[in-house]
Amino acid sequence: MKLTLFVLCACTLLLFAVRAQAAAPERVEKSEEEWRAILTPEQFEITRKKGTELAFSGAYWDHHEKGVYACVCCGAQLFSSETKYDSGSGWPSYWMTIEGAPVAEKRDVSFGMIRTEVLCARCDAHLGHLFSDGPPPTGLRYCINSASLTFIPAE
């Protein structure tokens, strides 16, 4: 009986470990020099050095084409045009991520503010910040730098 229980518990733990590994995004890691070689100076400053582009200056703040917005560094699909809205902030804003998107959140206390930083969980690219002043149904506003994104048009 004890052996059966032990084997059952071991198999259950193994199953959870395999599922967790399968669900984890495949990591993309590069040196600073490698990132500099593939990104524009603005993309590098924003995604690798946690910069912020000027409001109303990015390529996607007033972009209305149907499709998907992906991480400029690793190509991970993050946001859909279906959840993009005009927040009036001058940055692309979304009320949710694509289901299962590799998006991570981290507490940010820079510049004397307490905010939630949004990162790509595959490559640690800084994307922008998350605020709780968005529209229904989530009440969230993912405020994202255009330079951290690339756009994939719908077919």
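No lab work stands behind these numbers, since they all come straight from the coordinates. Quantities reported herein were computed from a predicted structural model and do not represent experimental measurements. Glycine gets a Cβ as well: all are built from the backbone with ideal geometry, and neighbour counts include every protein chain shown.
Can you pull out every residue in the stretch 67-116 that is of a type in the set (S, T, N, Q), part of a loop (DSSP other than H, G, I, E, B) and farther than 21 Å from Gly51 by Cβ?
Across the stretch 67-116, the qualifying residue is only Thr97.
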Exercise for the section: Report whether or not Glu53 is closer than 15 Å to Leu127 by Cα, assigned to a strand (DSSP E or B) and either in contact with a Ser or Thr (Cβ under 8 Å, 6 or more places away or on another chain) or in contact (Cβ under 8 Å) with a residue 60 or more places away in the chain (or both). Expected result: no
Completion exercise
Taking the stretch 74-106 and keeping only residues that are closer than 17 Å to Asp133 by Cα, out of contact with any helix residue (DSSP H, G or I) (no Cβ under 8 Å at 6 or more places or on another chain) and not polar (S, T, N, Q), one is left with Lys84, Tyr85, Asp86, Gly88, Gly90, Glu105
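Tally time: how many residues in the stretch 38-50 are of a type outside the set (Lys, Arg) and part of a loop (DSSP other than H, G, I, E, B)? Steps first, please.
Initially, the stretch 38-50 is screened for residues of a type outside the set (Lys, Arg), giving 38-47.
From what's left, part of a loop (DSSP other than H, G, I, E, B): 39-40.
Here the count works out to 2.
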Exercise for the section: Those residues that are without any contact (Cβ under 8 Å) to a residue 12 or more places away in the chain and among the hydrophobic types (A, V, I, L, M, F, W, C), I need them from the stretch 84-115; list them, please. Expected result: Val109, Phe111, Met113, Ile114
